Amino acid sequence: MDRHPSGVSRANRTGTVQVKAKVGVLISGRGSNMAALLYAARHPSCPYELVLVAANDPEAPGLKLAAAEGVPTFAHSHKGLKRAEFDRIVDAQLRSAGAEYVALAGYMRLLSPEFVAGWEGRMLNIHPSLLPRYKGLGTHQQALDAGDSHAGCSVHIVTAELDDGPVLGQTAVAILPGDTAESLAARVLMAEHQLYPRMLAEFVTRERQPEWLLNKVREHALALPQADEVTSHGMPCFGIEKGKKFAYFSQGNHGDGVIAILVKTTAPEEQAMLIESDPARYYRPAYFGDGWVGIKLDLGDTDWDHIGDRLDKSWRTVAPRKLLGLKDIADQF
Ligand code: GRF
């Protein structure tokens, strides 16, 4: 079996055997969110597993729990180290543990830009507020002081800005009369424990979800000049406005259970060459003939620059000469 960085194992050319995505969790203290992630991962249907729990405080109580549950742990104090230097140590541990994703769970450290860039689009955080409200610390008191009817928690993708980045999901928690920051925090924490494992599970599988994949294809295809989307034979497809089609999004067509994009090839032998080069990814789409090739998108390791490139090439085979000329000029800038 052929292993891929995304944690997908390819079994054969007709299908894939999914293995669990590998997640490293960073904590600084109690680690109750880490525990929620850990116990959710114990269910056989959970699509991720924890491969490392690391802390910047060797005394972090969460470390003991992780170790007792058989999860490898790593602790190193950040004291006396420059931010980037410390982050490099953590990064090396995560990578040697085989982590493909990072989940921050009460990690009380600002991250270096290098660390954030190294895990771009692969690192999540949980924050105890309904973002974009109340970034940083003291969120519960702020919600109380503002007279909000609800507090809550958010799971978001980590970007360079603190507690920023696209929100993947939120749970609102009603504020009760007489609530203190502590009583509210305790209820929000229950919501956190429900939300985080779900969001993480969705996140690690989203690159195999039809809706996410279609949106990704759409983004690339509709960025091409005069491209539009229509539905043909139940398939979303992309063409030049009032012109020819250059891509089809195929989801389980003809009962093949495959999510793929079909694009035009640029030379007669190209289809065969591509299939030969990577038979688990490329295939001859039924009823489309030799001028098209299918590229599977649900293998978990799709190179989207490559898909963008194939879409561009395919678009070129059907674009009117005048449009081609204009695009060539535009591409030079
Ligand atoms: C949680 O409230 C989390 O939202 C915030 O820090 C706290 C960590 O708690 N980022 P725990 O260590 O997960 O119990």
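Spin-label model, residue 194 to residue 277: label points 7 Å out along the Cα-to-beta-carbon direction sit 4.9 nm apart.
Distance between the C-alpha centres of the stretch 86-110 and the stretch 214-246: 39 Å, rounded to the whole angstrom. With a Förster radius of 35 Å applied to the C-beta separation of residue 286 and residue 96, the computed FRET efficiency comes to 0.20. Surface composition of the stretch 170-287: carbon plus sulfur atoms contribute 53% of the solvent-accessible area (1.4 Å probe, protein chains only, all chains present). Per residue, the stretch 210-331 exposes 51 Å² of solvent-accessible protein surface, assessed with a 1.4 angstrom probe and all protein chains in place. When peptides 52-63, 307-318, 160-171 are ranked by their average number of other Cβ atoms within 10 Å per residue, the highest-first order is 52-63, 307-318, 160-171. Residues in the stretch 11-206 average 47 Å² of solvent-accessible surface per residue, probe 1.4 Å, ligands and nucleic acids excluded. When the Cα positions of 329, 295, 285 are compared along the charge dipole of the stretch 210-331, 329 comes out farthest toward the positive end, with charges on each C-beta of Lys, Arg, Asp and Glu.
Note on residue 306 and residue 81: the extension gain reaches 77.0 nm, defined as 0.36 nm multiplied by sequence separation minus the Cα-Cα distance. Surface composition of the stretch 292-333: carbon and sulfur make up 54 percent of the accessible area, probe 1.4 Å. Here the Karplus curve 6.51 cos²θ - 1.76 cosθ + 1.60, taken at θ = phi - 60°, turns the phi angles of the stretch 24-31 into couplings of x, 10, 10, 10, 10, x, 3, x Hz, with x standing for Gly and Pro.
The stretch 145-181 and the stretch 39-79 have Cα centres separated by 25 Å. When the accessible area of the stretch 65-106 is split by element with a 1.4 Å probe, what percent falls to carbon and sulfur? Ligands and nucleic acids excluded, carbon and sulfur give 53 percent. Taking each residue as 0.36 nm, the span from residue 164 to residue 235 lengthens on full extension beyond its C-alpha to C-alpha distance by 22.0 nm. Heavy-atom accessible area with a 1.4 Å probe sorts 45, 129, largest first, into 45, 129.
Measuring spread by the Cα atoms of the chain yields a radius of gyration and Dmax of 23.6, 74 Å.
Sparsely packed loop sites in the stretch 259-333 (the GluC sites (Glu not before Pro) outside DSSP H, G, I, E and B with at most 16 other Cβ atoms within 10 Å) comprise 269.
Here the dipole of the stretch 210-331 is about 540 debye; that uses its Cα centre as origin and unit charges on the Cβ of Lys and Arg (positive) and Asp and Glu (negative). Counting only Cβ charges, +1 for Lys and Arg and -1 for Asp and Glu, the dipole size of the chain around its Cα centre is about 460 debye. The listed residues 130, 326, once ranked by accessible area (1.4 Å probe) with the largest placed first, stand as 326, 130. Helices that extend 30 Å or more along their long axis by alpha-carbon positions and average at least 0.0 on the Kyte-Doolittle scale are, among the DSSP H runs of the chain, 181-205. Note on residue 321/residue 212: beta-carbon distance plugged into 1/(1 + (r/R0)^6) with R0 of 41 Å gives a FRET efficiency of 0.70. Subtracting the Cα-Cα distance from 0.36 nm times the residue separation, let me have the gained length for residue 89 to residue 270 in nm, one decimal. Extra length available between residue 89 and residue 270 comes to 60.6 nm.
The values are calculated or read from the model by the stated rules, or taken from the named source; none is laboratory data. Quick caveat: nothing in here was measured; it's all calculated off a predicted structure. Virtual Cβ from ideal backbone geometry, glycine too; neighbours counted across all protein chains shown. Surface areas here come from the heavy atoms of the whole protein model, side chains and all, with no ligands, DNA or RNA. Shrake-Rupley method; radii C 1.70, N 1.55, O 1.52, S 1.80 Å.
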